1. Against the definition (more than 22 Å from A24 (Cα to Cα) and without any contact (Cβ under 8 Å) to a residue 24 or more places away in the chain), how does G55 come out, yes or no?
2. Return only the number of the condition from (1) assigned to a helix (DSSP H, G or I); (2) within 23 Å of S121 (Cβ to Cβ) that K43 does not satisfy.
3. Give me a count of the residues in the range 51-82 that are hydrophobic (A, V, I, L, M, F, W, C), farther than 15 Å from G103 by Cα and either in contact with a helix residue (DSSP H, G or I) (Cβ under 7 Å, 6 or more places away or on another chain) or assigned to a loop (DSSP other than H, G, I, E, B) (or both).
4. Taking the range 84-100, which residues are hydroxyl-bearing (S, T, Y) and open to solvent by less than 10 Å² (accessible area, probe 1.4 Å)?
5. Exactly one condition in (1) open to solvent by less than 60 Å² (accessible area, probe 1.4 Å); (2) without any contact (Cβ under 8 Å) to a residue 24 or more places away in the chain; (3) not in a strand (DSSP E or B) is false for G103; which is it?
6. Being under 18 Å from S25 (Cβ atoms) and not basic (K, R) is the filter here, so list the residues in the range 96-120 that pass it.
7. Can you tell me which residue among L59, L81 is farther than 27 Å from L11 by Cβ, modelled with pLDDT of 95 or more and surrounded by 14 or more Cβ atoms within 10 Å (Cβ to Cβ)?
8. Given the options S121, S17, name the one that is open to solvent by less than 50 Å² (accessible area, probe 1.4 Å) and of a type in the set (S, T, Y).
Amino acid sequence: QVQLVESGGGLVQAGGSLRLSCVASGRTFSNYAMGWFRQAPSKERAFVAASNWSGRSTLYSDSVKGRFTISRDNAKNTVYLQMNSLKPEDTAVYYCARGFNLGQVANEYNLWGPGTQVTVSS
């Protein structure tokens, strides 16, 4: 069975940077869209960024555009989320997900990782 596992979360001060990784086991990501979502306490799971596997087509939420970058490494079957200029409002559990189409709706994705915590202090 294919599994996704996120890593790279942690505690960082506002203005700092983190890079999240999402590694696939089993089948590769080839020809799948990949997305990043996040969920803060008492909030709904929200779209962050998405990419087709080639990386040539990407989509970002307005709240992270210009600060976050989604990318991939085919040799490592890994998708990354580079997060710069972090703000306290970015604090959440971050999830990666796999789907067939590039989209920003959670139910467009059919495979999810367990998440990694990102905490941004002021």
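1. Judged against the criteria, G55 is not a match.
2. Every condition holds for K43 apart from (1).
3. 1
4. Start the filter on the range 84-100 by keeping residues that are hydroxyl-bearing (S, T, Y), which leaves 85, 91, 94-95.
Y94 - this is the single residue of the range 84-100 that is hydroxyl-bearing (S, T, Y) and open to solvent by less than 10 Å² (accessible area, probe 1.4 Å).
5. Condition not satisfied by G103: (2).
6. Of the range 96-120, the ones under 18 Å from S25 (Cβ atoms) are 96-99, 109-116.
Answer for the range 96-120, where residues must be under 18 Å from S25 (Cβ atoms) and not basic (K, R): C96, A97, G99, Y109, N110, L111, W112, G113, P114, G115, T116.
7. Working: L81 fails: farther than 27 Å from L11 by Cβ.
Criteria check complete, one pass: L59.
8. Of S121, S17, the one residue that is open to solvent by less than 50 Å² (accessible area, probe 1.4 Å) and of a type in the set (S, T, Y) is S121.
The values are calculated or read from the model by the stated rules, or taken from the named source; none is laboratory data. What you see is a predicted model, and the numbers here were worked out from it, not measured in a lab. Positions of Cβ are backbone-derived with ideal geometry, glycine not excepted, and every protein chain shown enters the neighbour counts. Quick note on the areas: whole protein, heavy atoms, side chains included, nothing else; ligands and nucleic acids left out. Shrake-Rupley method; radii C 1.70, N 1.55, O 1.52, S 1.80 Å.
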